[in-house]
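Here is the structure we will look at, set down as structure tokens.
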Amino acid sequence: PGLRDGLATTITTTMSLVKSDSIDSETPEDLTCALCLGLLCEPCRWPALPGSTCEHVFCRLCCFKSVRAQLHPTCPLCREPACEDLKWAAASELALDEAKSEQVLRLFPAVHKTQLFQNTDELKKLQLYDSEMPLLTVGVH
């Protein structure tokens, strides 16, 4: 078997591990990311403007990708605008929701560990291609 076969086996095994914890049926709604529909991984509140009523929480990776994918970022659920200074911020600058993070770690440690590994890897790849440009600029003039 070649490298491609080994990679396919690794991905299949990882996905089986994530699915084996049945996060779809057992995860409380407040611990589910509305963007990826998975367990919150490094839960972050939407970086809304001060005084905003938006309190939506997403995975750090999902929040980062959403902010970077929009010319004028708004919350994917309520459309509250994001702080302009966070448009070019690193994912690590998005503030974690400590209470939700502790809850996820307490209830789903194995799933969180797997997702954290995957998300960290994806963030590293995104940062390689992110030379101070939004992730998606298609159709923007």
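The single residue among T114, T53, T27 that is touching a strand residue (DSSP E or B) at 6+ places or on another chain (Cβ under 6 Å) and at pLDDT below 95 turns out to be T27. Would you confirm whether any residue within the stretch 54-63 is touching a Phe, Trp or Tyr at 6+ places or on another chain (Cβ under 6 Å) and within 17 Å of P28 (Cα to Cα)? The answer is yes, given that some residue of the stretch 54-63 is touching a Phe, Trp or Tyr at 6+ places or on another chain (Cβ under 6 Å) and within 17 Å of P28 (Cα to Cα). The residues in the stretch 65-81 that are open to solvent by less than 10 Å² (accessible area, probe 1.4 Å), at pLDDT below 95 and hydrophobic (A, V, I, L, M, F, W, C) can be counted, and the count is 1. Checked against (1) closer than 14 Å to K100 by Cα; (2) surrounded by 15 or more Cβ atoms within 10 Å (Cβ to Cβ), E55 meets all criteria but (2). Answer yes or no as to whether T137 is modelled with pLDDT of 85 or more and of a type in the set (S, T, N, Q). Spelling it out, it is not the case that T137 is modelled with pLDDT of 85 or more and of a type in the set (S, T, N, Q). Of all residues in the stretch 87-102, those satisfying the criterion of being farther than 13 Å from V57 by Cα and at pLDDT below 95 are K87, W88, A89, A90, A91, S92, E93.
The values are calculated or read from the model by the stated rules, or taken from the named source; none is laboratory data. Because the structure is predicted, anything quoted here is derived from the model rather than measured. With ideal geometry, Cβ positions are generated from the backbone for all residues, glycine too; neighbour counts draw on all protein chains shown. With ligands, DNA and RNA removed, areas are computed over all heavy atoms of the protein, side chains included. Shrake-Rupley method; radii C 1.70, N 1.55, O 1.52, S 1.80 Å.
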